[in-house]
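One structure below.
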Amino acid sequence: EKLAELEAELEVSVDGETVPYRMIRPTMANEADRGRREGLDRAMWQATEEHLNPIYLDGVEVVQRELPSLGVKTYVELYERFGFRLKELAAQCEAFLADTEQLYEERIDRASRDLLGVPLDDLRRWDVQRLLRSPQWDEGFPGDKMVPALRATLGDLGIDLDSQENIKLDIEQRPQ
């Protein structure tokens, strides 16, 4: 709760503009200027280090302190006790990464060059949000047609969105 509250209140200043903490990543994704994305990234990590990490650290310390009361010494022991086969999962993940690494590098390099004009070797953390955002597809997905498209898709599946009492679309843009 502390983290959520702080994230909702926290703001950073980048190039004289105030950006709510929770809007930093979307702002980076929408920012074409690489230097500004870098500034946003630096502000986000500085705010994280200064304001959020102490709370994360407190939480980790509480959990670590309480692990012995659960009869284990480590997180790994705890999860293995719950039946998670972590060593098997690790081996599967390592094999998957080995099998797909070259393909991934080729594809991400091509996408990065095409979209950002930056080869994989020069791609930085602040570029990834923009790369994943893929603004080249915006033309095919105009904002004013998204809710009607959702209604039509659900309608084709036999679902009347408006008759769903447990669903409310929250599409209002807010600063926080």
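For the stretch 142-159, which positions are surrounded by 10 or more Cβ atoms within 10 Å (Cβ to Cβ) and either under 21 Å from the mean Cα position of the chain (by Cα) or not in a helix (DSSP H, G or I) (or both)?
ILE159
Could you please find all residues in the stretch 12-34 being within 18 Å of the chain's Cα centre (by Cα) and either open to solvent by 40 Å² or more (accessible area, probe 1.4 Å) or closer than 19 Å to LEU115 by Cα (or both)?
If the condition is that a residue be within 18 Å of the chain's Cα centre (by Cα) and either open to solvent by 40 Å² or more (accessible area, probe 1.4 Å) or closer than 19 Å to LEU115 by Cα (or both), then ARG22, MET23, ARG25, PRO26, THR27, MET28, ALA29, ASN30, GLU31 are the ones that fit.
Between LEU52, LEU57, LEU6, which is among the hydrophobic types (A, V, I, L, M, F, W, C) and either out of contact with any Leu (no Cβ under 7 Å at 6 or more places or on another chain) or over 30 Å from ARG124 (Cα atoms) (or both)?
Criteria check complete, one pass: LEU57.
Taking the stretch 35-58 as the region of interest, how many residues are open to solvent by less than 80 Å² (accessible area, probe 1.4 Å) and in contact (Cβ under 8 Å) with a residue 12 or more places away in the chain?
12
Looking only at the stretch 161-176, which residues are part of a loop (DSSP other than H, G, I, E, B) and surrounded by 10 or more Cβ atoms within 10 Å (Cβ to Cβ)?
GLN164, ILE167, LEU169, GLN176
The values are calculated or read from the model by the stated rules, or taken from the named source; none is laboratory data. The structure displayed is predicted, hence computed values, not measured ones. As a convention, Cβ positions derive from the backbone with ideal geometry for all residues, glycine included, and neighbour counts pool all protein chains shown. The area values use the complete protein model at the heavy-atom level, side chains included, leaving out ligands, DNA and RNA. Shrake-Rupley method; radii C 1.70, N 1.55, O 1.52, S 1.80 Å.
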